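The values are calculated or read from the model by the stated rules, or taken from the named source; none is laboratory data. Note that the structure is predicted; figures quoted are calculated from it, not measured. Every residue, glycine among them, receives a Cβ derived from its backbone with ideal geometry; neighbour counts consider all protein chains shown. All accessible areas refer to the heavy atoms of the entire protein, side chains included, with ligands and DNA or RNA removed. Shrake-Rupley method; radii C 1.70, N 1.55, O 1.52, S 1.80 Å.
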Amino acid sequence: MARIAVVLPRLSRYGGVEQFAFRLAQALADTRDCQHEVEFVCARIESPPPVGVRAVVVGRIGGFAWLKMLWFLIGAERARRRGGYDLVISLGKTWNQDLLRVGGGSQRTFWKLSERAWPAGLPRWGKRIRRLLSPVNWLTRIVDNRQYRSGCRIICASEAVADWVRQDYPGIPMPEVIYNLPDLRRFRPPLGEERERCRRALLAAGSEGGFTPDSGREGAAEADDFVCIGTATSNFALKGTNVLVRALARLPERFRLYVAGGRSARACQRLAARLGVENRVVFLGRVDDMRTFYQGLDLFALPSFYDACSNAVLEAAACGLPTLSSASNGSSVFLPPDCVLSDPGDDEVLASRLLALSGKPAPPFRLPQGLPAGLDAWVAAVNAMVDARA
């Protein structure tokens, strides 16, 4: 048994990296081979910690983003020094760690690829200037340089991320790759009457403005003759939500778009109004029960301009949905070639792909042969490190 710290600002079950960190801590505390003593070092708790995991809350000051990052950086380093850990696993911005899980790549590549999400000209230049002037971005660059050059073991969430890291930091130890893998006990095709119940909940959300598993329990909200497309993100520009709205305007009236994500949707709503599809786009806000959301849909699309390895794409595919994403998303390796867009900004091609996928069954969700993925691979990697240090 080893003392292990998992470090991330939020202890939560909402959000891609947060969900992964929660499940990793849970697996390390409950592995069959060796039950470790696991502590979750965080700034705040939004969900109860997993059974057997102790939360170490270092707090985080309010105000500026750079100050929040610096405060957590210092607090996490103090916790590391006091903790006497055998192994420190970082999933965020930390000063010292033994194992770094890279879920999003380095800032340099992120800037280069993600700026395509903004229209060329003044909007793109404005975004570039705001990034250059932001103190939190300068602090991020300093921490990135420290982490990648520290000599710690680096495991990336996809081969795409590993390529980006190698490109931006030549000469560092070769990053390894372990892909994300959804909880296949939770994210699966609907059984029995689940599909009908989830569909009613989705249609009720379209007419009532809220989404809960029980919102459509008492009968269908309206006649179900729609093709329901779903997407999930809290960064509408980066994940191509605007492109999806433009694609929707090219599709027949029976197509609807459901957007799960917690940020303000005003810009997308204005775009939908300009294109005359405001009544066919439903912004659900934060959705806690994503399985019910997926199981009520007909299609899922995430035309990302930059995505390390989208959990939402994997979860949707595991729920039996025809799923479409872009080549700029690391998890696109799990999708058939005709479901991968080379240009996420081409709404005409996106619309034609969605039209072609509608009504077609999705292929079974399978792990590509020889691809390291999931929590079992992570537990094995951590146990190997612990054994090597014993």
Residue within the range 112-120 that is outside any helix (DSSP H, G or I) and of a type outside the set (Phe, Trp, Tyr) present: yes
Residues (assigned to a helix (DSSP H, G or I) and of a type in the set (Val, Ile, Thr)) located in the range 232-281: 241, 243, 245
Test: residue in the range 75-82 that is part of a helix (DSSP H, G or I), surrounded by fewer than 20 Cβ atoms within 10 Å (Cβ to Cβ) and in contact with a Ser or Thr (Cβ under 9 Å, 6 or more places away or on another chain): yes
Residue in the range 299-309 that is modelled with pLDDT of 95 or more and out of contact with any Gly (no Cβ under 9 Å at 6 or more places or on another chain) present: no
For residue 66: the one exception among (1) surrounded by fewer than 16 Cβ atoms within 10 Å (Cβ to Cβ); (2) in contact (Cβ under 8 Å) with a residue 60 or more places away in the chain; (3) not in a helix (DSSP H, G or I); (4) not aliphatic (A, V, I, L, M): (3)
Where a residue in the range 167-180 is without any contact (Cβ under 8 Å) to a residue 24 or more places away in the chain and its partner, wherever it lies, is buried (at least 21 other Cβ atoms within 10 Å of the Cβ), with Cβ under 8 Å and at least six apart: 173/154
Selection from the range 142-200 of residues that are in a helix (DSSP H, G or I), open to solvent by less than 70 Å² (accessible area, probe 1.4 Å) and within 18 Å of residue 91 (Cα to Cα): 143, 144, 145, 147, 148, 160, 161, 162, 164, 165
Every pair of residues 6+ apart whose Cβ atoms lie under 6 Å, when the first sits in the range 124-136 and is in a helix (DSSP H, G or I) while the second is of a type in the set (S, T, N, Q): 131/137
All positions within the range 378-390 that are in a helix (DSSP H, G or I), of a type in the set (Gly, Ala, Ser) and farther than 15 Å from residue 29 by Cα: 384, 388
Filter result (of a type outside the set (D, E, K, R), more than 28 Å from residue 302 (Cα to Cα) and in contact (Cβ under 8 Å) with a residue 40 or more places away in the chain) within the range 139-163: 139, 143, 147, 148, 150, 152
Residues located in the range 83-93, provided they are touching a Lys or Arg at 6+ places or on another chain (Cβ under 8 Å) and not in a strand (DSSP E or B): 83, 84, 85, 86, 91
Residue list for the range 27-48, filter: farther than 20 Å from residue 97 by Cβ and outside any strand (DSSP E or B): 30, 31, 32, 33, 34, 35, 46, 47, 48
Answer residue from the range 102-111, given it is open to solvent by 20 Å² or more (accessible area, probe 1.4 Å) and touching a strand residue (DSSP E or B) at 6+ places or on another chain (Cβ under 9 Å) and is modelled with the lowest pLDDT among those: 104
